[in-house]
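Novice: This is the structure I have questions about; it appears just below.
The values are calculated or read from the model by the stated rules, or taken from the named source; none is laboratory data. Not measured: the values here are computed from a predicted model. Counting neighbours? That spans all protein chains shown, and the Cβs are built from the backbone with ideal geometry, glycine included.
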Amino acid sequence: MRAAVLRRPGPAATGPLTLEDRPEPTPGAGEVLVRVAACAVCRTDLQLCEGDLAAHVLPVVPGHQVVGEVVGLGPGVTSRSVGERVGLTWLAGTCGRCRFCAGGRENLCEGITFTGWDRDGGYAEFVAAGADVVHPLPGDRSAEELAPLLCAGVIGHRSLRRTGARPGDRLGLFGFGASASIVIQLAVAEGMDVYVCTRSAREQRVALDLGAVWAGDFEDRPPVPLQAAITTAPVGEAVTLALAALDRGGVVAVNAIHLDRVPTFPYRDLWWEREIRSVANVTRADAREFLDLAERVGVVTRFETRPLAEAPAGLADLAAGRVDGSVVLVP
């Protein structure tokens with residue numbers, strides 16, 4: 001099979017991904033083999049390929065927003081069937097035994113593994129995955145439009161819940177990429193007023209089209225205090241700007257696995273019981289809940305479809321800010 005493989009991290013512009021012929025994976029006990037129909041490119045993939053995230057294994061096939069069809073069952077699998085349409089997320093497996101798994105917080109599992117980081121992901125024609133971490137998908141939407149839901153959507157949904165925002169609240173979105181463009185649809189559907197800060201004039205227009213009541217630059221503080229905010233930009237400055245825009249008792253959820261840094265800020269911006277909360281990974285329950293919600297709300301995704309062979313170029317375009325929504329790779 002063909003796959004885009006990371007052997008040595010480096011700047012996206014230098015092409016750290018290489019197209020290779022590899023053996024088709026064989027599903028082990030409790031696993032399924034999935035023929036990939038589409039895999040969306042995530043900023044986490046970029047951070048792994050560029051070395052911002054230290055590699056867990058090399059070589060590795062990145063990609064964790066995978067839509068495909070089950071074409072093989074490993075020993076002992078009875079929960080999935082050949083021909084079923086499924087999706088993979090960032091969560092590749094948990095121990096099922098630690099205090100976090102026992103307490104319903106498997107996203108914090110001490111033995112957690114990740115798709116495209118600990119085991120090969122979806123930048124390929126086939127991928128093997130645990131039968132217990134793939135999710136049935138509806139058949140009436142294209143693979144390309146579903147793929148960004150599987151990380152940008154699921155982690156965005158978890159981020160929104162982490163803020164504690166309720167209908168009628170004022171929610172700020174700092175950064176407006178693939179995840180924020182999904183979160184805004186959820187928030188508007190729940191009756192929140194959304195304020196968007198992004199340096200891109202194009203993204204400001206998109207935000208307003210999707211229902212934002214205000215959109216401006218990072219330097220333009222929202223015109224009213226916010227009860228909640230989510231940062232998706234991979235820069236720590238966004239966190240301090242969001243914090244400074246909060247009302248008393250407000251919460252900032254940081255939707256990022258890596259930030260360049262968190263700048264110092266005056267304590268007065270945190271006082272009055274404001275909070276900063278990180279968002280770490282997702283659970284299977286998050287994915288099930290979000291996929292059901294996305295169907296009810298009618299969440300739409302913005303994406304550019306490219307052949308798998310253009311994975312290196314897609315990664316470079318994401319790094320350079322030349323992507324409108326998500327790049328979705330199609331074998």
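Novice: Quick one: which residue in 235, 279 is surrounded by 15 or more Cβ atoms within 10 Å (Cβ to Cβ), touching a strand residue (DSSP E or B) at 6+ places or on another chain (Cβ under 7 Å) and under 22 Å from residue 42 (Cβ atoms)?
Specialist: Values: 235 fails: touching a strand residue (DSSP E or B) at 6+ places or on another chain (Cβ under 7 Å).
The unique qualifying residue is 279.
Novice: Looking only at the range 293-322, count how many residues are in contact (Cβ under 8 Å) with a residue 40 or more places away in the chain and either over 23 Å from residue 183 (Cβ atoms) or surrounded by 19 or more Cβ atoms within 10 Å (Cβ to Cβ) (or both).
Specialist: 13
Novice: Can you tell which of 65, 47 is modelled with pLDDT of 95 or more, under 16 Å from residue 257 (Cβ atoms), in the same structural domain as residue 26 (by TED's automatic domain parsing) and out of contact with any helix residue (DSSP H, G or I) (no Cβ under 9 Å at 6 or more places or on another chain)? Before the answer, list the steps.
Specialist: Details: 65 fails: out of contact with any helix residue (DSSP H, G or I) (no Cβ under 9 Å at 6 or more places or on another chain).
After ruling out the rest, the residue left standing is 47.
Novice: Still on this structure: Does residue 70 meet the test of being outside any loop (DSSP other than H, G, I, E, B) and in contact with an Asp or Glu (Cβ under 8 Å, 6 or more places away or on another chain)? Before the answer, list the steps.
Specialist: Details: outside any loop (DSSP other than H, G, I, E, B): yes; in contact with an Asp or Glu (Cβ under 8 Å, 6 or more places away or on another chain): yes.
Yes.
Novice: When the residues of the range 243-258 are narrowed to those that are over 25 Å from residue 53 (Cβ atoms) and within 24 Å of the chain's Cα centre (by Cα), which ends up surrounded by the fewest Cβ atoms within 10 Å (Cβ to Cβ)?
Specialist: Among those residues, the one meeting the criterion is 251.
Novice: Here are some residues: 237, 275, 310, 304. Which one is of a type in the set (D, E, K, R) and within 17 Å of the chain's Cα centre (by Cα)?
Specialist: After ruling out the rest, the residue left standing is 304.
Novice: If you take the residues in the range 238-276 that are of a type in the set (S, T, N, Q) and modelled with pLDDT of 95 or more, which one is nearest to residue 42 (Cα to Cα)?
Specialist: We begin by selecting, within the range 238-276, every residue of a type in the set (S, T, N, Q); these are 240, 255, 264.
Among the residues that remain, those that are also modelled with pLDDT of 95 or more are: 240, 255.
Details: 240: 24, 255: 13 Å.
This residue is 255.
Novice: Residue by residue through the range 236-279, note down the ones that are in a helix (DSSP H, G or I), out of contact with any Lys or Arg (no Cβ under 6 Å at 6 or more places or on another chain) and not hydroxyl-bearing (Ser, Thr, Tyr).
Specialist: Initial filter on the range 236-279 (in a helix (DSSP H, G or I)): 236-244, 267-269.
Checking which are out of contact with any Lys or Arg (no Cβ under 6 Å at 6 or more places or on another chain) leaves us with 237-244, 267-269.
Across the range 236-279, the qualifying residues are 237, 238, 239, 241, 242, 243, 244, 268, 269.
Novice: Here is a further query. Look at the range 52-99 and say how many of its residues are surrounded by fewer than 14 Cβ atoms within 10 Å (Cβ to Cβ), among the small types (Gly, Ala, Ser) and more than 19 Å from residue 37 (Cα to Cα).
Specialist: Total meeting the criteria: 4.
Novice: Can you say whether residue 102 is touching a residue at least 60 places away in the same chain (Cβ under 8 Å), in the same structural domain as residue 7 (by TED's automatic domain parsing), of a type outside the set (D, E, K, R) and out of contact with any Cys (no Cβ under 9 Å at 6 or more places or on another chain), as far as the supplied structure shows?
Specialist: Working: touching a residue at least 60 places away in the same chain (Cβ under 8 Å): no; in the same structural domain as residue 7 (by TED's automatic domain parsing): yes; of a type outside the set (D, E, K, R): yes; out of contact with any Cys (no Cβ under 9 Å at 6 or more places or on another chain): yes.
The answer is no for residue 102.
Novice: Which residue is nearest to residue 101 (Cα to Cα), if the candidates are limited to the range 259-276 and must be basic (Lys, Arg) and surrounded by fewer than 14 Cβ atoms within 10 Å (Cβ to Cβ)?
Specialist: First pass over the range 259-276, keeping only residues basic (Lys, Arg): 261, 268, 274.
When the remaining residues are screened for being surrounded by fewer than 14 Cβ atoms within 10 Å (Cβ to Cβ), the result is 261, 268.
On the way: 261: 30, 268: 37 Å.
Per the criteria, the residue is 261.
Novice: Show me the helices (runs of 4 or more DSSP H) found entirely inside the range 113-210 where at least 3 residues are buried (at least 23 other Cβ atoms within 10 Å of the Cβ).
Specialist: Working: elements: 143-146, 152-163, 178-189, 201-209.
The qualifying helices (runs of 4 or more DSSP H) are 152-163, 178-189.
Novice: Testing residue 125 on (1) within 23 Å of residue 239 (Cβ to Cβ); (2) in contact with a Pro (Cβ under 6 Å, 6 or more places away or on another chain), one condition comes back false. Which one is that?
Specialist: (1)
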